[in-house]
Amino acid sequence: MTIVVRQASTTATSAAPAAVRAKLDVERVRTDFPLLVQERGGKPLVYLDNAATTQKPRAVVEALKGYYETYNANIHRGVYQLSQRSTEAYESARVKLQRFVNAAQPQEIVFVRGATEGINLVAHSYGRSSLAAGDEVVISAMEHHSNIVPWQIVCEATRARLRVVPMTDDGELELDEYEKLLGPKTKLVGLVHVSNSLGTVNPVREMIAIAHGHNIPVLVDGAQATPHMAVDVQDLDCDFYAVSGHKMFGPTGIGILYGKAELLNAMPPFQGGGEMIRSVCFDKTTYAPLPAKFEAGTPNIAGAIGLGAAVDYLNGLSWEAIQAHERDLLRYATESLKSIPGLHLLGTAKEKASVVSFVHDAVHAHDIGTVLDQEGVAIRAGHHCTQPVMERLGVPATARASFAFYNTRGEVDALVRAVHRVHEVFG
Ligand SMILES: Cc1ncc(COP(=O)(O)O)c(C=O)c1O
């Protein structure tokens, strides 16, 4: 029997054999995602661009609809019931996110537009106020542009220097070189938890401990981690953790930045405006306590509530079951694609999330993407906002299939069939 494992019932079913407990009922889960049931040119849609954005379960869509249809009102300001209801829903979403990443308190969760804005918040608030000429920021060779460019901007403004942890041909960070880069000049380390272009899962816990050995705070870009694994910011002991809502089955335009309260309290505001103040006069403005200090203006209320619904949805599944399924998809896709002549996989780290990047000897990644689209298979082709990774690996672009827990082995077969079709088209 195949069951959808609900976390709430794991204690009740703890006598069940581990193999049964860990099995995800994918076909059942797929019925929660309305978009997946459609065709592309007469063929079933095979959506394998989950690293770009994930599809949304009906519960998320309904949470958005419910908010707009029944209790849309601005938060924190109204004395009337509608506003109180939306405030409660917004703040209760914050608590859901707090528990989701296991932050110590809700005040450590700042709602932002996405991982990009979370990282910019740290760069422009923490970075600008703590960097001086000659200081250094250390990031890795496999960062998304959103964890490179903000640091370049802030380093240029403060005359600090950006240092880069190199990676191996397999797409693993060189930890010896990392240690060598850290020193008294280093003011912050920024690391991607899971690489979006290669799938590498970096040993961030270990890397954070090393940085803390030098009293250096660490920002983790968790955009690609939270869709695939349980994240515990207290266990990681990271100082900042950026999360993207739309990559973890929530709406676009919402995400969170986790920050340790001590650091967030000491940091200057990122943006000024309504909501983030305690009092304003022309001589002096004082700021609101956390987290309002970092939430200037009317936030994405519906987005936060929708993200809370995505967390509820994920809490109804089991990470153990999700990971077992995604590992199987990764293995199956890797083996199947490896056997295709002329095709090369990039990113073969030992620890990987379900992302497969590949190039072909004779066909450009964009042409692969176009042919696959005609077969109903949606993948991403390009540099994936990681141009330095492409340069390091000596390719202009890759084709990337990225899997979520709702993908199936049958869809991997469709991908492989479509790649064979590329051969037929391009001879
Ligand atoms: C590793 C990584 N970091 C950051 C981002 C940016 O996330 P967001 O779209 O939430 O700004 C992405 C998006 O592709 C990503 O893959």
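Annotations
- Amide proton proximity set for Val165, modelled H, under 5 Å, gap of 5+: Ile139, Ser140, Ala141
- Peptides 181-188, 402-409 ordered by average Cβ neighbours within 10 Å, highest first: 402-409, 181-188
- Of the chymotrypsin sites (Phe, Trp or Tyr not before Pro) in the stretch 51-85, the ones in a loop by DSSP (not H, G, I, E or B) with at most 11 other beta carbons within 10 Å are Tyr80.
- Here is the P(r) of the stretch 325-366: all C-alpha pair distances, binned every 10 Å from 0, give 26, 55, 18, 0 in whole percents.
- For the chain, the relative contact order works out to 22 percent when only alpha carbon pairs closer than 8 Å and six or more residues apart are counted.
- Relative contact order (percent, whole number), the stretch 184-261, Cα cutoff 8 Å, 6+ residue spacing: 26
- Projecting the Cα positions of Pro57, Leu337, Ile139 onto the charge dipole of the chain (unit charges on Cβ atoms of Lys, Arg, Asp and Glu, taken about the Cα centre) puts Pro57 furthest along the positive direction.
- Accessible carbon and sulfur surface of the stretch 142-296 relative to its total accessible area, %, 1.4 Å: 50
- Taking Cα centre as origin and charging only the Cβ of basic (Lys, Arg, +1) and acidic (Asp, Glu, -1) residues, the dipole magnitude of the chain rounds to 760 debye.
- Over all distinct Cα-Cα pairs of the stretch 160-212, the Kirkwood formula returns a hydrodynamic radius of 11.8 Å.
- Subtracting the Cα-Cα distance of Leu345 and Asp413 from their residue separation scaled by 0.36 nm leaves 22.8 nm.
- Separation between Cα centres of the stretch 102-151 and the stretch 224-249, rounded to whole Å: 14
- Column: log10 I(q)/I(0), Debye, Cα scatterers of the stretch 29-82, q = 0.16 Å⁻¹: -0.66
- For the stretch 95-137: rounded, prolate or oblate by the Cα gyration tensor [a/c cutoff 1.5]: prolate
- Of every Cα-Cα pair in the stretch 259-402, the percent that sits beyond 17 Å: 74
- Of the trypsin sites (Lys or Arg not before Pro) found in the stretch 133-179, those in coil by DSSP whose Cβ has at most 12 other Cβ atoms within 10 Å are Arg159.
- J(HN,Hα) series, the stretch 41-51, from Karplus relation 6.51 cos²θ - 1.76 cosθ + 1.60, nearest Hz, glycine and proline x: x, x, 10, x, 5, 10, 8, 10, 10, 6, 6
- GNM result for the chain, Cα springs below 10 Å: residue of Ser195, Ser92, Ser339 fluctuating most strongly: Ser339
- Extension gain for the segment Leu263 to Arg77, taken as residue separation times 0.36 nm less the Cα-Cα distance, is 64.2 nm to one decimal.
- Charge-dipole axis of the chain as Lys and Arg at +1 and Asp and Glu at -1 on Cβ define it, positive-most pick from Leu45, Tyr241, Phe282: Phe282
- Prolate/oblate/rounded label for the stretch 50-138 (Cα gyration tensor, a/c 1.5): prolate
- Ratio of Rg to Rh over the stretch 371-427 (Cα coordinates, Kirkwood Rh, two decimals): 1.03
- Only Lys, Arg, Asp and Glu carry charge here, each on its Cβ (+1 for the first two, -1 for the last two); on that basis the stretch 300-362 has a dipole of about 160 debye about its Cα centre.
- Here the stretch 177-284 is described by how far its Cα atoms reach on the three principal axes: 50, 40, 23 Å, from widest to narrowest.
- Ranked by how many other beta carbons lie within 10 Å on average, peptides 111-123, 201-213 from highest: 111-123, 201-213
- Cα-centre dipole for the stretch 189-249 with unit charges at Cβ (Lys and Arg positive, Asp and Glu negative), debye to 20: 200
- With θ taken as phi - 60° and the Karplus curve 6.51 cos²θ - 1.76 cosθ + 1.60 applied, the whole-hertz 3J(HN,Hα) list for the stretch 284-297 is 7, 10, 10, 9, 6, x, 5, x, 4, 3, 9, 10, 6, x Hz, x standing for glycine and proline.
- Rounded to 5, the percent of DSSP beta bridges in the chain classed as antiparallel: 60
- Comparing mean-square fluctuations of His384, His76, His144 from a GNM of the chain with C-alpha springs under 10 Å, the top value falls on His76.
- All C-alpha pair distances within the chain, sorted into 10 Å bins from zero, spread as 4, 21, 29, 26, 15, 4, 1, 0 percent across the bins.
- Once the convex hull of all Cα atoms in the stretch 275-349 is built, its volume per residue stands at 213 Å³.
- Only helices enter this figure: runs of n ≥ 4 DSSP H residues, each worth -39500 (n - 2.57), summed and divided by the residues of the chain, yield -10500 deg cm²/dmol at 222 nm to the nearest 500.
- For chymotrypsin sites (Phe, Trp or Tyr not before Pro), the sites in the stretch 278-338 that DSSP calls loop and that have at most 14 other Cβ atoms within 10 Å are Phe282.
- Scalar couplings 3J(HN,Hα) for the stretch 142-151, obtained by applying the Karplus form with A = 6.51, B = -1.76, C = 1.60 to θ = phi - 60°, are 10, 6, 5, 3, 6, 10, 10, 4, x, 6 Hz; x denotes Gly and Pro.
- The stretch 308-390 - Debye-derived log10 I(q)/I(0), Cα point model, q = 0.13, 0.22 Å⁻¹: -0.56, -1.16
The values are calculated or read from the model by the stated rules, or taken from the named source; none is laboratory data. Predicted model, so just to flag it, every value in this text is computed and none were measured. Cβ sites come from the backbone with ideal geometry, for glycine too, and all protein chains shown count toward neighbours. Calculation scope for accessible area: heavy atoms of the full protein, side chains included, ligands and nucleic acids excluded. Shrake-Rupley method; radii C 1.70, N 1.55, O 1.52, S 1.80 Å.
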